[in-house]
Amino acid sequence: MRYTNIVTSFLKNQDKILILKRSQNVKSMKGLWSGVSGVIENQENPLKRAEIEIFEEIGIRTNEIKLLKSGDELDIISPQYKNHKWHVFPFLFDAKKTEIKLNWENSDYKWIEIGELEKFETVPNLENVLARLI
């Protein structure tokens with residue numbers, strides 16, 4: 001079985017969390033809603049990768065967020081790939097602002113209440129990743 005280490009971060013502002021809709025330009029999970037995610041490169045620190053992805057994908061700098069929680073890692077099987085697991089490092093950040101500047105990886109975003117996540121077609125097991133953070 002092949003593993004890919006990734007980070008998935010949620011940003012929180014007051015009682016809302018940010019979700020992103022993956023664009024048609026990404027390799028996997030096109031059109032599905034997710035947190036801010038990215039592949040951990042080599043032996044990179046997961047928290048550092050999470051901060052990099054937040055800046056790259058939504059334009060929020062490290063000094064504009066505060067780490068609230070780092071959740072227990074989990075493995076997720078993806079129906080798109082046979083013999084493959086995503087090893088996810090979950091993070092929850094408090095965001096000082098709600099203004100988002102999307103890059104090419106995502107086509108839309110929404111600030112939603114936590115209970116609303118089930119209304120969206122998400123990447124596999126996104127609700128379990130979020131559950132480790134709340």
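Rounded to the nearest whole Hz, the Karplus-based 3J(HN,Hα) values (6.51 cos²θ - 1.76 cosθ + 1.60, θ = phi - 60°) of segment 20-34 follow the sequence 10, 9, 5, 6, 7, 8, 8, 6, 10, 6, 4, x, 9, 8, 8, with x at glycine and proline. Calculated FRET efficiency, Leu67 to Asn25, Cβ-Cβ distance, R0 = 30 Å: about 0.55 to the nearest 0.05.
Solvent-accessible surface of segment 1-130, taken per residue with a 1.4 Å probe and all protein chains present: 56 Å². The relative contact order of segment 1-123, computed from alpha carbon pairs under 8 Å that lie at least 6 residues apart in sequence, is 39 percent.
Of the labelled figures [x] 14.1; [y] 16.0; [z] 14.8, only one reflects Kirkwood radius over Cα pairs in Å as derived from the coordinates, namely [z]. Taking 0.36 nm per residue of sequence separation and removing the Cα-Cα distance, the Ile114/Asn45 pair yields an extension gain of 22.1 nm. The distance between label points at Ser78 and Leu32 comes to 0.8 nm (points 7 Å beyond Cα on the Cα→Cβ vector).
To put it simply, the accessible area of the chain at a 1.4 Å probe is 44 percent carbon and sulfur. Cross-link partners for Lys30 among the lysines, with Cα-Cα distance under 22 Å and sequence neighbours closer than 8 places in the same chain left out: Lys21, Lys82, Lys85, Lys101, Lys110, Lys119. Here's how it looks for Thr122: its modeled amide H is under 5 Å from those of Trp33, which are all 5 or more places away or on a different chain. Distance between Cα centroids, segment 6-26 to segment 76-134: provide it in whole Å. A separation of 5 Å, based on Cα centres.
Once backbone amide H atoms are built at 1.01 Å from N, Ser37 has Ser9 as its partners under 5 Å, excluding neighbours fewer than 5 places away on the same chain. For segment 61-69, putting each phi into the Karplus relation 6.51 cos²θ - 1.76 cosθ + 1.60 with θ = phi - 60° gives couplings of 7, 4, 6, 9, 10, 9, 5, 9, 7 Hz, in residue order, rounded to whole numbers and with x for Gly and Pro.
Near Leu74, the amide H atoms lying under 5 Å from its own belong to Val88; only residues 5 or more places off or on other chains count, and H is placed 1.01 Å from N. Our coupling estimate for segment 5-14, obtained by passing each phi through the Karplus curve with A = 6.51, B = -1.76, C = 1.60 and θ = phi - 60°, is 7, 9, 9, 9, 10, 10, 9, 10, 9, 6 Hz, Gly and Pro reported as x. Relative contact order, whole percent, for segment 75-134 stands at 38, derived from Cα pairs under 8 Å and 6 or more residues apart.
The values are calculated or read from the model by the stated rules, or taken from the named source; none is laboratory data. Please read all numbers here as calculations on a predicted model, not as lab measurements. Neighbour counts are summed over all protein chains in view; Cβ atoms, including those assigned to glycine, are modelled from backbone coordinates with ideal geometry. Ligands, DNA and RNA are stripped out before the accessible areas are found, and what is left, the full protein with its side chains, is counted by its heavy atoms. Shrake-Rupley method; radii C 1.70, N 1.55, O 1.52, S 1.80 Å.
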